[in-house]
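The values are calculated or read from the model by the stated rules, or taken from the named source; none is laboratory data. Fair warning: this is a prediction, and the values are worked out from it, not measured in the lab. We place every Cβ from the backbone using ideal geometry, glycine too, and count neighbours over all the protein chains shown. Side chains included, ligands, DNA and RNA excluded: accessible areas come from the protein's heavy atoms. Shrake-Rupley method; radii C 1.70, N 1.55, O 1.52, S 1.80 Å.
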Amino acid sequence: MMIQMLKLEEQQSLGEAWCTLSKLVTKPNRSLTLDLIRREESVSSTHSQHCGKLTVHAEECFSSKSTADIILRCIDLESKDLFSKSDPFLVISKLVESGISIPVCKTEVLKNDHNPTWKPVFLNIQQVGSKDSPLVIECFNFNSNGKHDLIGKVQKSLADLEKLHLGREGENLYLPTLVGHNYENKILNSKLLVDKFSETVQHTFLDYLAGGFELNFMVAIDFTASNGNPRLPDSLHYIDPSGRLNAYQKAIYEVGEVLQFYDADKRYPAWGFGARPIDGPVSHCFNLNGSSNYCEVQGIQGIMMAYTSALFNVSLAGPTLFGHVINRASVVACDSLSTGAKKYFALLIITDGVITDLQETKDALVKASDLPLSILIVGVGGADFKEMEILDADKGERLESTTGCIASRDIVQFVPFRDLQSKSSTRACLNMLVQFPK
(Lines give C-alpha, C1' and ligand atoms only; values in the text may rest on other atoms or scores of the structure.)
Protein backbone atom coordinates (compact mmCIF):
# COMPACT_ATOMS: atom_id res chain seq x y z
CA MET A 1 0.00 0.00 0.00
CA MET A 2 1.23 3.46 -0.81
CA ILE A 3 0.94 5.68 2.27
CA GLN A 4 -0.03 9.32 2.08
CA MET A 5 3.09 11.28 2.97
CA LEU A 6 3.07 14.50 4.98
CA LYS A 7 4.89 17.50 3.54
CA LEU A 8 7.66 17.53 6.14
CA GLU A 9 8.82 21.00 5.16
CA GLU A 10 5.45 22.34 6.36
CA GLN A 11 5.67 20.59 9.76
CA GLN A 12 7.43 21.65 12.95
CA SER A 13 9.97 19.10 14.12
CA LEU A 14 9.51 18.01 17.74
CA GLY A 15 12.48 15.64 17.75
CA GLU A 16 13.82 12.41 16.35
CA ALA A 17 15.01 9.02 17.62
CA TRP A 18 16.71 5.92 16.21
CA CYS A 19 16.78 2.21 16.96
CA THR A 20 17.38 -1.04 15.11
CA LEU A 21 14.50 -3.42 14.46
CA SER A 22 16.35 -6.21 16.27
CA LYS A 23 16.63 -4.09 19.42
CA LEU A 24 12.88 -3.54 19.37
CA VAL A 25 11.62 -7.07 18.68
CA THR A 26 13.95 -8.71 21.19
CA LYS A 27 12.39 -6.80 24.07
CA PRO A 28 10.13 -9.05 26.23
CA ASN A 29 7.05 -6.91 25.54
CA ARG A 30 8.27 -5.72 22.11
CA SER A 31 8.15 -2.12 23.31
CA LEU A 32 10.98 0.37 23.50
CA THR A 33 10.98 3.92 24.87
CA LEU A 34 13.46 6.24 23.17
CA ASP A 35 14.62 9.75 23.95
CA LEU A 36 13.53 12.31 21.38
CA ILE A 37 16.41 14.57 20.42
CA ARG A 38 16.25 17.90 18.61
CA ARG A 39 19.50 19.05 17.07
CA GLU A 40 20.49 22.71 16.95
CA GLU A 41 19.63 24.45 13.67
CA SER A 42 23.23 25.59 13.18
CA VAL A 43 25.03 23.27 10.79
CA SER A 44 28.30 23.65 12.68
CA SER A 45 26.74 22.92 16.06
CA THR A 46 27.10 19.43 17.57
CA HIS A 47 24.80 20.20 20.49
CA SER A 48 21.40 18.55 20.87
CA GLN A 49 18.64 18.75 23.43
CA HIS A 50 16.26 16.16 24.84
CA CYS A 51 12.64 17.06 24.14
CA GLY A 52 10.51 14.15 25.27
CA LYS A 53 10.20 10.43 24.80
CA LEU A 54 8.76 8.19 22.09
CA THR A 55 7.47 4.67 22.74
CA VAL A 56 7.62 2.24 19.81
CA HIS A 57 5.73 -1.06 19.85
CA ALA A 58 6.17 -3.93 17.38
CA GLU A 59 3.75 -6.74 16.69
CA GLU A 60 3.37 -9.51 14.15
CA CYS A 61 0.68 -8.88 11.54
CA PHE A 62 -1.48 -11.62 10.08
CA SER A 63 -2.59 -11.03 6.52
CA SER A 64 -6.23 -10.11 6.06
CA LYS A 65 -8.08 -8.34 3.27
CA SER A 66 -11.29 -7.87 5.28
CA THR A 67 -12.52 -4.46 6.40
CA ALA A 68 -15.31 -3.75 8.88
CA ASP A 69 -17.65 -0.83 8.10
CA ILE A 70 -19.19 0.33 11.39
CA ILE A 71 -21.61 3.08 12.44
CA LEU A 72 -21.56 3.79 16.19
CA ARG A 73 -23.82 5.94 18.32
CA CYS A 74 -24.33 6.67 21.98
CA ILE A 75 -27.43 7.55 23.99
CA ASP A 76 -27.89 9.41 27.29
CA LEU A 77 -24.33 10.65 27.58
CA GLU A 78 -23.54 12.50 30.80
CA SER A 79 -22.69 16.18 30.54
CA LYS A 80 -19.11 17.21 31.22
CA ASP A 81 -19.59 20.91 30.48
CA LEU A 82 -21.06 23.31 33.02
CA PHE A 83 -23.23 25.44 30.75
CA SER A 84 -23.74 23.27 27.67
CA LYS A 85 -23.97 19.71 26.46
CA SER A 86 -20.87 17.65 25.86
CA ASP A 87 -18.95 17.61 22.57
CA PRO A 88 -18.35 13.85 22.24
CA PHE A 89 -15.97 11.84 20.08
CA LEU A 90 -14.79 8.23 20.15
CA VAL A 91 -11.29 6.80 20.25
CA ILE A 92 -10.90 3.12 19.33
CA SER A 93 -7.73 1.42 20.56
CA LYS A 94 -6.44 -2.12 20.39
CA LEU A 95 -4.97 -3.93 23.39
CA VAL A 96 -1.72 -5.79 22.85
CA GLU A 97 -0.29 -8.62 24.91
CA SER A 98 1.71 -6.32 27.18
CA GLY A 99 -1.49 -4.47 28.11
CA ILE A 100 -0.59 -1.36 26.15
CA SER A 101 -3.49 0.45 24.50
CA ILE A 102 -2.72 1.66 20.94
CA PRO A 103 -5.20 4.06 19.24
CA VAL A 104 -6.20 2.93 15.74
CA CYS A 105 -9.18 5.16 14.92
CA LYS A 106 -10.88 8.37 16.04
CA THR A 107 -14.28 9.78 15.06
CA GLU A 108 -15.18 13.38 14.42
CA VAL A 109 -16.30 15.66 17.29
CA LEU A 110 -20.06 16.29 17.47
CA LYS A 111 -21.01 19.54 19.16
CA ASN A 112 -23.60 19.75 21.96
CA ASP A 113 -24.96 16.24 21.52
CA HIS A 114 -25.85 13.72 24.24
CA ASN A 115 -27.19 11.22 21.68
CA PRO A 116 -24.53 11.35 18.94
CA THR A 117 -24.33 9.21 15.79
CA TRP A 118 -20.89 9.39 14.20
CA LYS A 119 -19.92 8.94 10.58
CA PRO A 120 -18.90 5.40 9.56
CA VAL A 121 -15.51 4.11 10.69
CA PHE A 122 -13.58 1.58 8.62
CA LEU A 123 -11.31 -0.85 10.43
CA ASN A 124 -9.08 -3.26 8.55
CA ILE A 125 -9.03 -6.55 10.46
CA GLN A 126 -5.28 -6.81 9.94
CA GLN A 127 -5.01 -3.38 11.57
CA VAL A 128 -6.65 -4.55 14.80
CA GLY A 129 -5.23 -8.10 14.82
CA SER A 130 -8.33 -10.27 14.39
CA LYS A 131 -12.09 -10.15 14.88
CA ASP A 132 -11.62 -11.50 18.39
CA SER A 133 -8.87 -9.08 19.44
CA PRO A 134 -9.94 -6.83 22.34
CA LEU A 135 -10.68 -3.21 21.50
CA VAL A 136 -11.21 -0.34 23.93
CA ILE A 137 -13.80 2.19 22.77
CA GLU A 138 -13.58 5.42 24.76
CA CYS A 139 -16.00 8.33 24.56
CA PHE A 140 -14.45 11.70 25.35
CA ASN A 141 -15.77 15.24 25.73
CA PHE A 142 -13.68 17.52 23.53
CA ASN A 143 -11.80 20.42 25.15
CA SER A 144 -9.86 22.93 23.08
CA ASN A 145 -6.91 22.78 25.50
CA GLY A 146 -6.37 19.13 24.57
CA LYS A 147 -7.30 17.79 28.02
CA HIS A 148 -10.37 15.82 26.97
CA ASP A 149 -12.75 14.44 29.62
CA LEU A 150 -13.46 10.71 29.60
CA ILE A 151 -17.24 10.25 29.52
CA GLY A 152 -17.17 6.45 29.53
CA LYS A 153 -15.71 3.39 27.83
CA VAL A 154 -16.36 -0.23 26.85
CA GLN A 155 -14.09 -3.12 25.89
CA LYS A 156 -15.32 -5.14 22.92
CA SER A 157 -13.91 -7.05 19.97
CA LEU A 158 -15.12 -6.65 16.40
CA ALA A 159 -17.00 -9.94 16.87
CA ASP A 160 -18.70 -8.45 19.95
CA LEU A 161 -19.68 -5.31 18.02
CA GLU A 162 -21.18 -7.49 15.28
CA LYS A 163 -23.27 -9.30 17.92
CA LEU A 164 -24.47 -5.98 19.34
CA HIS A 165 -25.57 -4.97 15.86
CA LEU A 166 -27.38 -8.24 15.18
CA GLY A 167 -29.07 -8.19 18.59
CA ARG A 168 -29.91 -4.50 18.28
CA GLU A 169 -28.87 -4.07 21.89
CA GLY A 170 -26.75 -1.40 23.52
CA GLU A 171 -23.81 -1.83 25.87
CA ASN A 172 -23.59 0.33 28.98
CA LEU A 173 -20.50 2.48 29.23
CA TYR A 174 -18.45 2.32 32.40
CA LEU A 175 -16.16 4.83 34.07
CA PRO A 176 -13.14 3.83 36.16
CA THR A 177 -13.74 5.50 39.55
CA LEU A 178 -11.38 5.73 42.51
CA VAL A 179 -12.86 4.00 45.55
CA GLY A 180 -10.46 4.09 48.47
CA HIS A 181 -7.09 3.09 47.05
CA ASN A 182 -8.46 1.10 44.11
CA TYR A 183 -10.31 1.82 40.90
CA GLU A 184 -13.69 0.27 40.30
CA ASN A 185 -15.77 0.38 37.14
CA LYS A 186 -18.88 2.50 37.66
CA ILE A 187 -21.62 1.34 35.27
CA LEU A 188 -23.32 4.31 33.58
CA ASN A 189 -26.77 4.78 32.10
CA SER A 190 -25.09 5.85 28.86
CA LYS A 191 -25.01 3.20 26.15
CA LEU A 192 -23.03 2.43 23.01
CA LEU A 193 -25.04 1.07 20.07
CA VAL A 194 -23.91 -0.35 16.72
CA ASP A 195 -26.23 0.85 13.96
CA LYS A 196 -24.25 -0.84 11.19
CA PHE A 197 -21.70 -3.62 10.96
CA SER A 198 -20.69 -5.02 7.59
CA GLU A 199 -17.58 -6.87 6.56
CA THR A 200 -16.11 -6.69 3.07
CA VAL A 201 -13.04 -8.18 1.40
CA GLN A 202 -10.82 -5.73 -0.47
CA HIS A 203 -9.06 -7.65 -3.22
CA THR A 204 -5.73 -6.61 -4.68
CA PHE A 205 -4.72 -5.79 -8.23
CA LEU A 206 -3.26 -9.30 -8.68
CA ASP A 207 -6.47 -10.91 -7.35
CA TYR A 208 -8.48 -9.30 -10.13
CA LEU A 209 -6.01 -10.27 -12.82
CA ALA A 210 -6.04 -13.86 -11.58
CA GLY A 211 -9.85 -13.79 -11.68
CA GLY A 212 -9.86 -12.90 -15.37
CA PHE A 213 -10.55 -9.16 -15.09
CA GLU A 214 -9.15 -6.82 -17.71
CA LEU A 215 -7.86 -3.42 -16.65
CA ASN A 216 -8.93 -0.52 -18.89
CA PHE A 217 -7.00 2.74 -18.94
CA MET A 218 -8.55 6.21 -19.41
CA VAL A 219 -6.90 9.62 -19.23
CA ALA A 220 -8.08 13.22 -18.73
CA ILE A 221 -5.72 16.20 -19.15
CA ASP A 222 -6.01 19.69 -17.66
CA PHE A 223 -5.96 22.39 -20.36
CA THR A 224 -6.73 25.37 -18.11
CA ALA A 225 -4.91 28.66 -18.59
CA SER A 226 -3.04 28.35 -15.28
CA ASN A 227 -0.69 25.92 -17.07
CA GLY A 228 0.77 28.86 -18.99
CA ASN A 229 1.02 29.63 -22.70
CA PRO A 230 2.04 26.36 -24.45
CA ARG A 231 4.21 28.38 -26.86
CA LEU A 232 6.46 29.56 -24.02
CA PRO A 233 9.17 27.43 -22.34
CA ASP A 234 7.88 28.15 -18.81
CA SER A 235 4.51 26.51 -19.60
CA LEU A 236 3.74 23.08 -18.19
CA HIS A 237 2.35 22.27 -21.66
CA TYR A 238 5.44 23.43 -23.57
CA ILE A 239 6.45 21.01 -26.33
CA ASP A 240 10.25 21.12 -26.35
CA PRO A 241 11.72 20.93 -29.92
CA SER A 242 14.63 18.93 -28.47
CA GLY A 243 12.22 16.11 -27.62
CA ARG A 244 12.44 16.49 -23.85
CA LEU A 245 9.08 15.56 -22.35
CA ASN A 246 7.02 17.98 -20.29
CA ALA A 247 5.39 16.96 -16.99
CA TYR A 248 2.11 15.94 -18.66
CA GLN A 249 3.87 13.72 -21.18
CA LYS A 250 6.00 12.11 -18.48
CA ALA A 251 2.95 11.35 -16.32
CA ILE A 252 1.17 9.73 -19.28
CA TYR A 253 4.20 7.53 -19.93
CA GLU A 254 4.82 6.61 -16.28
CA VAL A 255 1.27 5.35 -15.73
CA GLY A 256 0.54 4.21 -19.28
CA GLU A 257 3.65 2.04 -19.61
CA VAL A 258 2.55 0.05 -16.55
CA LEU A 259 -1.14 -0.21 -17.48
CA GLN A 260 -0.76 -1.01 -21.17
CA PHE A 261 0.28 -4.60 -20.42
CA TYR A 262 -3.05 -5.29 -18.70
CA ASP A 263 -5.32 -3.68 -21.33
CA ALA A 264 -5.92 -6.18 -24.14
CA ASP A 265 -7.03 -3.91 -26.99
CA LYS A 266 -4.91 -0.90 -25.94
CA ARG A 267 -7.67 1.47 -26.99
CA TYR A 268 -7.87 4.25 -24.43
CA PRO A 269 -10.60 6.86 -23.91
CA ALA A 270 -8.78 10.21 -23.71
CA TRP A 271 -10.29 13.57 -22.80
CA GLY A 272 -9.27 17.12 -22.11
CA PHE A 273 -10.96 19.70 -19.90
CA GLY A 274 -10.85 23.42 -19.22
CA ALA A 275 -10.24 24.63 -22.80
CA ARG A 276 -12.11 26.29 -25.63
CA PRO A 277 -12.10 24.27 -28.88
CA ILE A 278 -11.97 26.22 -32.12
CA ASP A 279 -15.21 28.20 -32.64
CA GLY A 280 -16.82 26.75 -29.51
CA PRO A 281 -17.50 27.48 -25.84
CA VAL A 282 -15.28 26.31 -22.99
CA SER A 283 -15.55 22.55 -22.61
CA HIS A 284 -14.92 20.62 -19.40
CA CYS A 285 -14.81 17.26 -21.18
CA PHE A 286 -13.84 17.09 -24.85
CA ASN A 287 -12.39 14.25 -26.87
CA LEU A 288 -8.64 14.62 -27.03
CA ASN A 289 -8.51 13.27 -30.59
CA GLY A 290 -10.73 16.09 -31.87
CA SER A 291 -13.54 13.75 -32.90
CA SER A 292 -17.14 14.55 -32.04
CA ASN A 293 -18.16 10.88 -32.23
CA TYR A 294 -15.57 8.75 -30.42
CA CYS A 295 -13.02 9.31 -27.66
CA GLU A 296 -10.63 6.37 -28.00
CA VAL A 297 -7.04 6.48 -29.24
CA GLN A 298 -4.68 3.61 -30.00
CA GLY A 299 -1.92 2.97 -27.49
CA ILE A 300 0.20 5.31 -25.40
CA GLN A 301 1.61 6.85 -28.53
CA GLY A 302 -1.95 7.61 -29.63
CA ILE A 303 -2.53 9.54 -26.38
CA MET A 304 0.69 11.48 -26.90
CA MET A 305 -0.20 12.40 -30.49
CA ALA A 306 -3.74 13.43 -29.55
CA TYR A 307 -2.42 15.52 -26.65
CA THR A 308 0.09 17.36 -28.87
CA SER A 309 -2.53 17.94 -31.54
CA ALA A 310 -5.03 19.31 -29.03
CA LEU A 311 -2.53 21.91 -27.81
CA PHE A 312 -2.59 23.46 -31.28
CA ASN A 313 -6.36 23.25 -31.69
CA VAL A 314 -7.76 24.60 -28.42
CA SER A 315 -7.39 27.77 -26.38
CA LEU A 316 -6.52 27.26 -22.73
CA ALA A 317 -9.29 28.64 -20.52
CA GLY A 318 -10.90 27.59 -17.22
CA PRO A 319 -12.07 27.12 -14.54
CA THR A 320 -10.74 23.73 -13.36
CA LEU A 321 -13.70 21.34 -13.09
CA PHE A 322 -13.35 17.60 -12.46
CA GLY A 323 -17.02 16.64 -12.22
CA HIS A 324 -17.61 16.39 -15.98
CA VAL A 325 -14.76 13.97 -16.76
CA ILE A 326 -15.50 11.82 -13.69
CA ASN A 327 -19.15 11.54 -14.76
CA ARG A 328 -18.05 10.68 -18.31
CA ALA A 329 -15.75 7.93 -17.04
CA SER A 330 -18.56 6.69 -14.78
CA VAL A 331 -20.84 6.27 -17.80
CA VAL A 332 -18.20 4.10 -19.52
CA ALA A 333 -17.79 1.95 -16.38
CA CYS A 334 -21.55 1.70 -15.86
CA ASP A 335 -22.17 0.61 -19.46
CA SER A 336 -19.52 -2.09 -19.12
CA LEU A 337 -21.01 -3.29 -15.83
CA SER A 338 -24.49 -3.51 -17.32
CA THR A 339 -23.23 -5.91 -20.01
CA GLY A 340 -21.55 -8.18 -17.48
CA ALA A 341 -18.06 -7.53 -18.83
CA LYS A 342 -15.21 -8.40 -16.47
CA LYS A 343 -13.51 -5.03 -16.71
CA TYR A 344 -12.08 -2.56 -14.23
CA PHE A 345 -11.38 1.05 -15.23
CA ALA A 346 -8.53 3.28 -14.06
CA LEU A 347 -8.87 6.99 -14.87
CA LEU A 348 -5.71 9.09 -14.83
CA ILE A 349 -6.37 12.82 -14.26
CA ILE A 350 -3.33 15.07 -14.71
CA THR A 351 -3.79 18.59 -13.35
CA ASP A 352 -1.81 21.62 -12.29
CA GLY A 353 -4.03 23.34 -9.80
CA VAL A 354 -6.92 23.95 -7.47
CA ILE A 355 -10.34 22.72 -8.57
CA THR A 356 -13.35 25.05 -8.38
CA ASP A 357 -16.09 22.42 -8.23
CA LEU A 358 -15.00 20.60 -5.07
CA GLN A 359 -18.48 19.64 -3.87
CA GLU A 360 -19.67 18.67 -7.36
CA THR A 361 -16.57 16.50 -7.68
CA LYS A 362 -17.33 14.87 -4.31
CA ASP A 363 -20.87 14.13 -5.52
CA ALA A 364 -19.52 12.51 -8.70
CA LEU A 365 -17.00 10.43 -6.72
CA VAL A 366 -19.59 9.22 -4.19
CA LYS A 367 -21.82 8.12 -7.07
CA ALA A 368 -18.89 6.44 -8.85
CA SER A 369 -17.77 4.54 -5.74
CA ASP A 370 -20.23 1.73 -6.56
CA LEU A 371 -18.75 1.26 -10.04
CA PRO A 372 -15.66 -0.70 -11.21
CA LEU A 373 -13.70 2.55 -11.43
CA SER A 374 -10.74 4.09 -9.63
CA ILE A 375 -9.03 7.42 -10.19
CA LEU A 376 -5.38 8.39 -10.00
CA ILE A 377 -4.86 12.16 -9.80
CA VAL A 378 -1.35 13.34 -10.62
CA GLY A 379 -0.47 16.90 -9.63
CA VAL A 380 2.10 18.71 -11.80
CA GLY A 381 3.68 22.08 -11.17
CA GLY A 382 3.98 23.94 -7.88
CA ALA A 383 0.34 24.73 -7.05
CA ASP A 384 -1.41 24.10 -3.72
CA PHE A 385 -2.88 20.58 -3.92
CA LYS A 386 -4.64 20.50 -0.53
CA GLU A 387 -8.04 20.02 -2.17
CA MET A 388 -6.71 16.96 -4.01
CA GLU A 389 -5.75 15.48 -0.65
CA ILE A 390 -9.34 16.03 0.50
CA LEU A 391 -10.57 13.91 -2.43
CA ASP A 392 -8.04 11.23 -1.50
CA ALA A 393 -9.65 9.81 1.65
CA ASP A 394 -6.48 8.15 2.95
CA LYS A 395 -7.04 9.51 6.46
CA GLY A 396 -10.10 7.34 6.92
CA GLU A 397 -13.02 9.77 6.51
CA ARG A 398 -14.81 8.88 3.28
CA LEU A 399 -16.34 11.48 1.00
CA GLU A 400 -19.88 12.70 1.58
CA SER A 401 -22.26 14.04 -1.08
CA THR A 402 -24.54 17.06 -0.77
CA THR A 403 -27.42 14.67 -0.04
CA GLY A 404 -25.55 13.04 2.86
CA CYS A 405 -24.57 9.83 1.05
CA ILE A 406 -21.18 8.36 2.05
CA ALA A 407 -18.84 6.85 -0.55
CA SER A 408 -18.90 3.05 -0.33
CA ARG A 409 -15.11 3.02 -0.76
CA ASP A 410 -12.16 5.30 -1.43
CA ILE A 411 -11.61 5.35 -5.21
CA VAL A 412 -9.12 8.24 -5.42
CA GLN A 413 -5.36 8.24 -5.02
CA PHE A 414 -3.61 11.60 -5.32
CA VAL A 415 0.12 11.74 -5.87
CA PRO A 416 2.41 14.67 -6.75
CA PHE A 417 4.26 14.05 -10.00
CA ARG A 418 7.64 14.02 -8.23
CA ASP A 419 6.50 10.93 -6.26
CA LEU A 420 5.34 9.07 -9.38
CA GLN A 421 8.62 8.94 -11.25
CA SER A 422 9.32 5.25 -10.75
CA LYS A 423 7.53 2.12 -11.92
CA SER A 424 7.43 0.70 -8.38
CA SER A 425 5.54 3.71 -7.00
CA THR A 426 3.16 3.61 -9.97
CA ARG A 427 2.39 -0.07 -9.34
CA ALA A 428 1.87 0.70 -5.65
CA CYS A 429 -0.72 3.34 -6.60
CA LEU A 430 -2.52 0.90 -8.86
CA ASN A 431 -2.58 -1.85 -6.26
CA MET A 432 -4.22 0.59 -3.85
CA LEU A 433 -6.67 1.83 -6.46
CA VAL A 434 -8.02 -1.44 -7.82
CA GLN A 435 -10.70 -2.39 -5.30
CA PHE A 436 -13.94 -3.73 -6.69
CA PRO A 437 -17.18 -2.33 -5.19
CA LYS A 438 -19.22 -4.24 -2.66
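Express in % the proportion of alpha carbon pairs of region 338-385 at distances exceeding 14 Å. Let's see the in-between values first.
Numbers: 705 of 1128 pairs.
The proportion of pairs with Cα distances above 14 Å equals 62 percent.
Mean sequence separation of contacting Cα pairs (under 8 Å, at least six apart), scaled by the length of region 64-201, corresponds to a relative contact order of 31 percent. Using a probe of 1.4 Å, the accessible surface attributed to residue 231 totals some 140 Å² when neighbouring protein chains are kept in position.
In the chain, the DSSP-assigned H stretches of four residues or longer account for a calculated mean residue ellipticity at 222 nm of -6000 deg cm²/dmol, using -39500 (n - 2.57) per stretch and the full residue count as denominator.
Length, then width, then depth: along the principal axes, the Cα atoms of region 213-434 run 45, 37, 35 Å.
Hey, if we sort 344, 262, 294 by accessible area with the 1.4 Å probe, largest down, what's the order? Intermediate results must be reported in sequence, preceding the final value.
Details: 344 5, 262 70, 294 130 Å².
From most exposed to least exposed: 294, 262, 344.
Quick check: with the 1.4 Å probe, what order do 300, 278 take by accessible area, largest first?
Values: 300 15, 278 110 Å².
Result, largest first: 278, 300.
Only four residue types carry charge here, +1 at the Cβ of Lys and Arg and -1 at the Cβ of Asp and Glu. Report the dipole size of region 181-331 about the Cα centre in Debye, rounded to the nearest 20. Don't skip to the answer; put the middle values down first.
Details: 10 positive and 14 negative charges, 71 e Å.
The calculation lands at about 340 debye.
With respect to the chain, whose longest principal axis is taken over its alpha-carbon atoms, helix 158-167 is tilted by about 90°. Distance from the Cα centre of region 278-350 to that of region 351-403, in angstrom? Answer, in whole Å: 18.
Computed over protein heavy atoms with a 1.4 Å probe, the accessible surface of region 213-434 works out to 41 Å² per residue.
Scaled against 2.2 N^0.38 Å for its residue count N, the alpha carbon radius of gyration of region 137-269 is 2.02.
Determine the share of the chain's accessible area contributed by carbon and sulfur atoms, expressed in whole percent, with a 1.4 angstrom probe. Kindly include the intermediate steps, with their values, before the conclusion.
On the way: 11790 of 22630 Å².
Carbon and sulfur together cover 52 percent of it.
Beyond 38 Å, the tail of the calculated P(r) for the chain holds 36 percent of the Cα pairs. Charge dipole of region 64-201 (Cα centre as origin; +1 on each Lys and Arg Cβ, -1 on each Asp and Glu Cβ, all else neutral): 160 debye, rounded to the nearest 20. Helix 423-433 axis versus longest C-alpha principal axis of the chain: approximately 60°, rounded to the nearest ten. Its Cα gyration tensor gives region 116-159 an equivalent ellipsoid, and the semi-axes of that ellipsoid, as √(5λ) in whole Å with the largest first, are 24, 12, 10.
Sequence gap at least 6, Cα distance under 8 Å: using those rules, report the relative contact order of region 160-296 to the nearest whole percent.
Values: 166 pairs, mean separation 23.5, N = 137.
That works out to 17 percent.
Axis angle, to the nearest 10 degrees, between helix 247-259 and the longest C-alpha principal axis of the chain: 70 degrees. Placing +1 on the Cβ of every Lys and Arg and -1 on the Cβ of every Asp and Glu, with nothing else charged, gives the chain a dipole about its Cα centre of roughly 500 debye.
Relative contact order (percent) for the chain, with alpha-carbon contacts under 8 angstrom and 6 or more residues of separation? All intermediate terms of the calculation are to be shown ahead of the outcome.
On the way: 897 pairs, mean separation 52.9, N = 438.
After rounding, I find 12 percent.
Among 303-311, 233-241, 127-135, 320-328, how do they line up from the highest to the lowest mean number of other beta-carbon atoms within 10 Å? Walk me through the intermediate numbers first.
Details: 303-311: 19.3, 233-241: 14.4, 127-135: 16.7, 320-328: 22.3.
Put in order of decreasing packing, that is 320-328, 303-311, 127-135, 233-241.
Over region 64-201, the hull volume per residue, using the convex hull of the C-alpha atoms, is 119 Å³. Name the shape class, rounded, prolate or oblate, that the alpha-carbon gyration tensor gives for region 229-351, where a ≥ b ≥ c are the square roots of its eigenvalues, rounded holds for a/c under 1.5, and otherwise prolate holds if a/b is larger than b/c and oblate otherwise. The shape class here is oblate. Using every pair of separate Cα atoms, the Kirkwood estimate puts the hydrodynamic radius of region 291-420 at 16.0 angstrom.
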